[in-house]
1. May I ask you to give the solvent-accessible area per residue for segment 1-111, in square angstrom, as obtained with a 1.4 angstrom probe?
2. Got a sec to turn the phi values of segment 154-168 into Karplus ³J(HN,Hα) couplings, 6.51 cos²θ - 1.76 cosθ + 1.60 with θ = phi - 60°, whole Hz, x for Gly and Pro?
3. Among residues other than residue 192 whose Cβ falls under 14 Å from its Cβ, what is the net charge (Lys/Arg +1, Asp/Glu -1)?
4. What are the ³J(HN,Hα) values, in whole Hz, obtained from phi via the Karplus relation 6.51 cos²θ - 1.76 cosθ + 1.60 with θ = phi - 60°, for each residue of segment 133-148 in sequence order, with x given for Gly and Pro?
5. Share of antiparallel DSSP beta bridges in the chain, in percent to the nearest 5?
6. Using θ = phi - 60° and the Karplus curve 6.51 cos²θ - 1.76 cosθ + 1.60, what whole-Hz ³J(HN,Hα) does each residue of segment 28-39 get, with Gly and Pro shown as x?
7. Let's see if you can work this out: charge +1 on each Lys and Arg Cβ, -1 on each Asp and Glu Cβ, no other charges. What is the dipole magnitude of the chain about its Cα centre, in debye to the nearest 20?
8. Please provide three numbers in whole Å: the alpha-carbon extents of the chain along the principal axes, with the largest listed first.
Amino acid sequence: MNGPLLIVLEGANDLEFLTRLSSRLRQEEPNLPDLQRWQAEGRVRLATVGGGDPASWSYRFALLGLHEFHLYDREQAPESTVRQRAVDRVNAREHCRGVLTSKRSLENYLHPQAIAAGGGGTVEFGDQDPVALLLAQHWFEQVPATVPWQLLPRRTHRRLAARAKRWLNTRAIEQMDLSLLAECDPEGEVLGWLRAIDELASDCHASLSLCGYS
């Protein structure tokens, strides 16, 4: 079966990250894939696994018979090991490519300058830090409160972090460019993902052309 390239991500925020960042970077590097346009044209389809057991992610869409690109956050051990096994299973399938981030999550590939430029304030973080949680704490501590951050219920931390995560992937991401990306991703992982997507999508298009479709 031939069809569009299926891009499999963990959640809606990851989808926002990848599509918005590709559009931003294309302003400087037009050869990168235009995921928003490709999705509108049906050249790619973006799907989210929506949590659950990572062991099942690698085969969730296998019956569709499509070329697939999977991108998963590394998170922390022992979760990282489970996710690496899922990626290995993806890479064992024909016409499929799986990648595990070297950093904790996609938000770790944002530059602190982009966060500040988007109006999020000054937040410093490392490759394995929970960026959304740190930003949520930063925002919380800018407003006088009767309860310290450390004493808030864990569910409140999660709720505020989810709000920050959404903001990072829709607002801060719009402030990224190639120079900022080069600083926070010197190994070129993000560009590597986009080029792998371009290659897989081109293979899909070539297969469709051979079958008599344009």
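1. 44 Å²
2. 4, 5, 5, 4, 5, 5, 5, 5, 5, 5, 5, 4, 4, 5, 4
3. Here the charged neighbours net out to -3.
4. Working through the residues one at a time gives 5, 5, 5, 4, 5, 4, 4, 4, 7, 7, 10, x, 9, 7, 10, x Hz.
5. 0 percent
6. Residue by residue, segment 28-39 yields 10, 10, x, 6, 6, x, 9, 5, 5, 5, 4, 5 Hz.
7. Result for the chain is approximately 840 debye, rounded to the nearest 20.
8. If we take the Cα atoms of the chain, the spans are 67, 38, 28 Å.
The values are calculated or read from the model by the stated rules, or taken from the named source; none is laboratory data. Worth saying up front: this structure is predicted, and the values here are computed from it rather than measured. So basically every Cβ, Gly included, is an ideal-geometry build from the backbone, and we count neighbours across all protein chains shown. Only protein heavy atoms, including side chains, enter the accessible area calculation; ligands, DNA and RNA are left aside. Shrake-Rupley method; radii C 1.70, N 1.55, O 1.52, S 1.80 Å.
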